[in-house]
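The block underneath contains the structure these notes are about, expressed in structure tokens.
Where a number appears in this text, it was derived from the coordinates with a stated rule and is not lab data. Keep in mind that this is a model prediction, so the values were computed, not measured. In this analysis, Cβ positions are derived from the backbone assuming ideal geometry, glycine residues included, and neighbour counts consider all displayed protein chains.
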């Protein structure tokens, strides 16, 4: 019989926070769509976006890119956090929290300074994602081969 570690609730809280943060990023795009009158299915590079000034286009697309990049990364981030948490829930949650903080830095930097502003956040969240993957690999190896 398989059982979850006692501290696994922290892992679930961390993953839930990641999902909530992604939804919040999506809401900022929704507000920007209304502000700049960019209706679906235009993703910021279609016919409606040609009516925007360069500054408006850049602001809208930066917000859109923040959200889409989060959507692209959410699956690997949640899976590595959930799986590494099976072996080491507290380190998994800590690295998950660092990932969330990195996402915050990424969003703030990108929205204020464009693509060049995302670097600190990108380094932070990718490092945390890599660490959770390493925690999972170590836990898997330890439980499968070092018994």
Residues in the range 91-131, backbone N under 17 Å from the label point at residue 141 (7 Å along the Cα-to-beta-carbon vector): list them, ranges by number please.
-> 130-131
Can you put 125, 101 in order, fewest other beta carbons within 10 Å first?
-> 101, 125
Can you tell me the 0 to 90 degree angle between the C-alpha axis of helix 8-36 and the longest principal axis of the chain, rounded to 10?
-> 10 degrees
Based on the Cβ-Cβ distance of residue 113 and residue 13, what FRET efficiency does E = 1/(1 + (r/R0)^6) give at R0 = 30 Å, to the nearest 0.05?
-> 0.45
Measure nothing fancy, just the Cα-based angle from helix 119-145's long axis to the longest principal axis of the chain, in degrees from 0 to 90, nearest 10.
-> 30 degrees
Roughly what would the spin-label model give for residue 4 and residue 47, points 7 Å off Cα along C-beta, in nm?
-> 4.9 nm
Find the Cα radius of gyration of the range 15-106, compare it with 2.2 N^0.38 Å by division, and give the number to two decimals.
-> 1.31
What's the center-to-center distance, using Cα atoms, between the range 1-66 and the range 77-120 in Å?
-> 15 Å
Within 10 Å of each residue's Cβ, count the other Cβ atoms and sort 43, 144, 18 from fewest upward.
-> 144, 43, 18
Residues 111, 28, 3 in order from fewest to most other beta-carbon atoms within 10 Å are 3, 28, 111
Against the longest alpha carbon principal axis of the chain, how many degrees, from 0 to 90 and to the nearest 10, is the axis of helix 54-87 turned?
-> 10 degrees
Normalised contact order of the range 8-145, rounded percent, pairs of Cα under 8 Å and 6 or more residues apart = 27 percent
In nm, the gap between the two label points placed 7 Å beyond Cα toward Cβ at residue 130 and residue 39 is 4.6 nm
On full extension of the chain, what length is gained from residue 74 through residue 58, given 0.36 nm per residue of separation minus the C-alpha to C-alpha distance?
-> 3.4 nm
Using helices alone, what [θ] at 222 nm do you get for the chain, with -39,500 (n - 2.57) per DSSP H run of 4 or more residues, divided over all residues and rounded to the nearest 500?
-> -28000 deg cm²/dmol
Which peptide among 9-15, 77-83, 21-27 comes first, and what is the full order, when sorted by highest mean count of other Cβ atoms within 10 Å?
-> 77-83, 9-15, 21-27
